[in-house]
1. Can you list the helices (runs of 4 or more DSSP H) lying wholly within the range 226-331 that have 1 or more residues being at pLDDT below 90 and not assigned by TED's automatic domain parsing to the domain that holds ASP30?
2. Residue by residue through the range 302-336, note down the ones that are under 23 Å from LEU116 (Cβ atoms), within 14 Å of ligand 2 (Cβ to nearest atom), of a type outside the set (A, V, I, L, M, F, W, C) and surrounded by fewer than 24 Cβ atoms within 10 Å (Cβ to Cβ).
3. Hey, can you tell me all the residues within the range 200-226 that are more than 17 Å from CYS345 (Cβ to Cβ) and within 21 Å of the chain's Cα centre (by Cα)?
4. Could you say which residue among ALA98, ALA142 is over 21 Å from the mean Cα position of the chain (by Cα) and assigned by TED's automatic domain parsing to the domain that holds GLU264?
5. What do you reckon, is ALA287 within 11 Å of ligand 1 (Cβ to nearest atom) and among the hydrophobic types (A, V, I, L, M, F, W, C)?
6. Could you run through the range 201-221 and say how many residues are in contact with a strand residue (DSSP E or B) (Cβ under 6 Å, 6 or more places away or on another chain) and either at negative phi or part of a helix (DSSP H, G or I) (or both)?
7. All but one of (1) in contact with a helix residue (DSSP H, G or I) (Cβ under 7 Å, 6 or more places away or on another chain); (2) within 21 Å of ALA241 (Cβ to Cβ); (3) buried (at least 17 other Cβ atoms within 10 Å of the Cβ) hold for TRP102; which doesn't?
8. For residues that are modelled with pLDDT under 85 and acidic (Asp, Glu), scanning just the range 93-142, find the one that is farthest from ILE163 (Cα to Cα).
Amino acid sequence: MSDRVEAVKKLFTSKSSRVETNKGDTYYQDLFVKCEARLNEMRAQAPANRLDFSDLLEDNGIDRREFMKWASATTAMLMLPPMFTPLIADAVVMMNRAPVIWLELQDCAGNSEALLRADGPKIDEIVLDIISLEYHETLQAASGHQAEKQMEEAMELFKGKYILFVEGSIPMGMNGQYGTIGASGETFHDHLLRCAENAAAVVAVGSCATFGGIPAASPNPTGAVGVMDVVKNKPLINIPACPANPANMVGVILHYVLTGQVPELDSLLRPKFAFGYRIHDNCERRAHFDAGEYVEEWGDAGAQNNFCLYKMGCKGPMTFNNCSIVRYNEGVNWPIGVGRGCIGCSEPDFWDKYAYERPMADAKIKAPTGGVEKSVDEFGLGLLTATAIGIGIHAAASAVAGKKSGECEGESK
Ligand code: SF4
Ligand code: SF4
């Protein structure tokens with residue numbers, strides 16, 4: 001894990017991958033003072049979850065040095081200067097004072113799976129263990145009236161303080177009757193509004209909760225929409241992807257505990273610390289893209305040599321997410337690393353727009369330009385042009401000197 005932490009820290013602090021914040025020293029000094037005051041306030045509160053973070057670290061064989069490395073990498077991930085590292089370390093310990101209510105609506109539970117993980121918990125997962133998960137429709141032992149009572153009590157006890165995580169889309173068709181919950185047959189729509197009313201903030205997790213996801217794909221039989229189409233006048237954070245990365249869930253909760261505020265968001269309400277990067281910017285196959293070396297068909301010599309997947313339909317150039325840096329499964333690997341192109345799962349309407357194995361240039365749809373924060377849009381559009389140039393260069397080079405992949409095939413024989 002140390003190697004992964006080092007890699008994440010290096011990437012997040014490198015000039016090429018850093019999202020510029022244009023904030024001066026005074027801003028950070030003021031923020032530091034505010035965060036210290038906030039943490040003192042949190043310290044005075046009784047923990048809602050009795051699990052002790054230090055004990056969990058010890059039980060999992062993680063020493064202080066390793067934890068501080070993680071805190072340093074997480075500080076960089078949250079786009080904060082290194083002086084915030086000790087505050088991040090303190091904030092993690094106090095995450096057992098952050099009550100979370102988790103709703104599951106129209107979904108596959110993939111984000112709950114990501115939250116749960118399989119085995120070998122590392123620091124991100126241990127952090128998720130100590131949050132005070134007051135209610136989770138899938139994970140809790142209680143059911144029926146007992147579960148409803150538990151939710152009512154949690155909402156009353158932590159009124160105005162709990163963070164409401166929402167997984168899954170909201171079916172609006174047939175007056176919401178495609179999705180109901182509890183003995184009263186409350187629709188998902190009404191359930192969500194009732195739970196959001198007294199939340200401090202609402203976090204939509206995964207592509208379904210953020211933008212409707214697969215349930216909203218054409219022809220969208222249930223009239224599925226995302227949380228932001230339903231919940232208004234509340235601080236709302238979108239953490240899209242299919243599933244959302246647990247590191248980004250940790251980042252959002254940690255930011256909230258530390259500052260009492262939602263992180264800086266783009267116009268799709270995604271935290272910039274996680275979605276200010278294009279997959280393509282930090283992709284390990286990028287050098288092959290620049291060199292015009294592409295996989296032309298599955299299993300060819302290009303595939304064997306880890307060439308760029310653009311011609312096989314990779315949507316990394318249009319997709320904003322940090323999974324090329326953070327990766328999945330303890331940072332072991334990620335989709336492009338195992339040889340599949342990105343399908344743009346963190347972008348709106350990804351299933352209809354991106355999830356097919358053809359390049360965007362062959363599609364009869366317009367590349368997305370709306371919604372993303374403006375400077376990022378311009379950057380992205382620049383890249384689309386670069387993509388076209390890359391393909392053009394490749395075609396010209398192939399015509400003059402023979403296909404690079406063909407040479408490669410020859411070499412590999
Ligand atoms: S097109 Fe896809 S595989 Fe190729 S460099 Fe970009 S993100 Fe990586
Ligand atoms: S590589 Fe693309 S499709 Fe895969 S998880 Fe990341 S954003 Fe989603």
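The values are calculated or read from the model by the stated rules, or taken from the named source; none is laboratory data. Source: prediction; values computed, not measured. Quick reminder, even Gly has a Cβ in these numbers, built from the backbone with ideal geometry, and neighbours come from all protein chains shown.
1. 323-326
2. Matches in the range 302-336: ARG327, TYR328, ASN329, GLY331, ASN333, PRO335.
3. ALA200, ALA201, VAL202, VAL203, VAL225, listed by residue number.
4. Going through ALA98, ALA142 in turn, just one is over 21 Å from the mean Cα position of the chain (by Cα) and assigned by TED's automatic domain parsing to the domain that holds GLU264: ALA142.
5. yes
6. 11
7. If we test TRP102 against (1) in contact with a helix residue (DSSP H, G or I) (Cβ under 7 Å, 6 or more places away or on another chain); (2) within 21 Å of ALA241 (Cβ to Cβ); (3) buried (at least 17 other Cβ atoms within 10 Å of the Cβ), just (1) comes out false.
8. ASP119
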